[in-house]
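Take a look at the structure below.
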Amino acid sequence: MKTGLTAAAAALLLLAQPAHSQETKVALGLSGWTGFAPLTLAKEAGIFKKHGLDVSLRKVPQKDRHLALASGDIQCAATTVETWVVWNAAGVATKQLFQLDKSYGADGMVVRNDIARISDLKGKTIAASAPGTAPYFTMAWFLKKNGLSVKDVKVVNMEPNPAAQAFVAGQSGIDAALTYEPYLSLVRDKPEAGRIIATTLDYPMIMDTVGCTPKFIQDNPKAVKALADSYFETLDYIAANKDKAYEIMGADVKQSGEQFGKSAAFLRWQGREENRKFFSGELQAFTREAADLLLEAGIIKSIPNLDAIIDDTFVK
């Protein structure tokens with residue numbers, strides 16, 4: 001009897017003591033891109049916490065995100081598939097772990113109304129982010145598919161939001177710009193400023209993934225699995241609570257829930273089954289084509305080991 005009382009007292013004592021968090025800390029770099037919004041929702045809705053993660057989401061420009069990884073300021077990041085090629089080619093070892101989204105018109109090129117086709121941009125000025133970013137790669141891809149290269153145009157480096165704002169404002173000297181949602185909708189709403197000449201509906205080539213450094217993956221395999229599982233659970237949360245989810249995700253980019261929903265209509269978040277299919281050949285094939293273009297455009301000096309930048313363990 002004494003033993004039983006002692007055990008009960010010990011149990012009560014444990015319950016009375018504050019819980020000590022066993023959550024794994026991880027800093028993840030991203031931008032305000034609509035496709036990344038479920039990561040914000042996973043944090044705000046407590047889904048990361050539920051899976052034992054203490055996630056810090058850091059807004060880091062894409063052109064600097066690999067530097068943050070290299071310094072250890074962040075351990076993981078969200079970015080486009082081809083960007084992992086650029087980072088690894090620059091000596092920043094990283095591996096893609098799961099897919100977030102595919103763009104269905106959420107990334108695009110806007111042009112002044114007097115430009116009839118992309119090939120008319122030869123000798124013109126295009127606003128786009130720096131080499132090694134998704135907008136710059138999108139520009140290179142669109143130009144190549146229309147018989148031009150980045151050498152045929154003048155590029156002014158501007159991030160997606162400023163590029164869209166400058167274009168809509170009619171800034172002198174900018175004939176075209178590369179941007180993405182929610183900023184692309186600024187041009188949709190201002191037809192007098194110009195028009196969207198091409199998007200990823202015309203050229204499907206923007207796909208986003210989450211990846212981490214090899215050291216973080218090796219040291220924290222359970223946390224990495226929890227990161228992927230949290231994302232897939234967040235998609236279920238969106239399906240069950242769309243209005244609330246859109247309000248939370250929209251607030252992060254200063255949009256109403258309704259506005260966010262309109263932006264989100266131009267992409268598709270990818271669930272576990274879509275991920276399994278993507279990591280079973282589609283990702284590898286696209287990565288090879290992207291690497292060739294990156295080399296041709298002078299964005300990378302050599303193609304890294306493409307197999308080493310993909311880890312499909314956590315989507316199976």
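Bear in mind these aren't lab numbers, they're just calculated from the coordinates by the rules spelled out. The shown structure was predicted, so the numbers you read here are calculated from the model rather than taken from an experiment. For neighbour counting, all protein chains shown are included, and Cβ atoms are generated from backbone atoms with ideal geometry for every residue, glycine included.
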Taking a ≥ b ≥ c as the square roots of the eigenvalues of the Cα gyration tensor of the chain, is the shape rounded (a/c under 1.5), prolate (a/b larger than b/c) or oblate? prolate
Would you give the gap between the C-alpha center of the range 95-124 and the C-alpha center of the range 224-241, rounded to a whole Å? 29
Pairs Lys151/Lys190; Lys222/Lys277; Lys63/Lys222: which exceed 27 Å Cα-Cα? Lys151/Lys190; Lys63/Lys222
Arranged by the count of other C-beta atoms within 10 angstrom, fewest first, what order do His66, His51 take? His51, His66
Excluding residues fewer than 8 positions from Lys244 in its own chain, the lysines with Cα under 25 Å of it are Lys43, Lys49, Lys50, Lys59, Lys102, Lys254, Lys262
What's the local net charge at Leu30, with K and R +1, D and E -1, over the other residues with C-beta under 15 Å away? -3
Segment Lys301-Asn161, extension gain: residue separation times 0.36 nm, minus the distance between their alpha carbons: 47.5 nm
Ranked from highest to lowest mean number of other Cβ atoms within 10 Å per residue, what is the order of the peptides 196-208, 248-260? 196-208, 248-260
Give me the aspartates and glutamates in straight-line cross-link reach of Lys122: C-alpha distance below 15 Å, same-chain residues under 8 apart excluded. Asp114, Asp152, Asp175
Report, for the range 107-199, the % of DSSP beta bridges that are antiparallel, rounded to 5. 60
7 Å from Cα along Cα→Cβ at both Ser56 and Gln218: what's the point-to-point distance in nm? 2.4
Taking 0.36 nm per intervening residue step and subtracting the Cα-Cα distance, what contour gain separates Ala116 from Lys190 on full extension? 24.9 nm
Sequence neighbours fewer than 8 away in the same chain don't count; with that in mind, list the aspartates and glutamates whose C-alpha is under 16 Å from Lys316. Asp229, Glu233, Glu273, Glu274, Glu282
By average C-beta atoms within 10 angstrom, highest first, the peptides 286-292, 225-231, 104-110, 150-156: 104-110, 225-231, 286-292, 150-156
Total charge dipole magnitude, the range 107-199, about the Cα centre, Cβ charges on Lys, Arg, Asp, Glu only, Debye to nearest 20: 320
Can you give the calculated 222 nm mean residue ellipticity of the chain, where each DSSP H run of n ≥ 4 adds -39,500 (n - 2.57) and the sum is split over every residue, rounded to the nearest 500 deg cm²/dmol? -12500 deg cm²/dmol
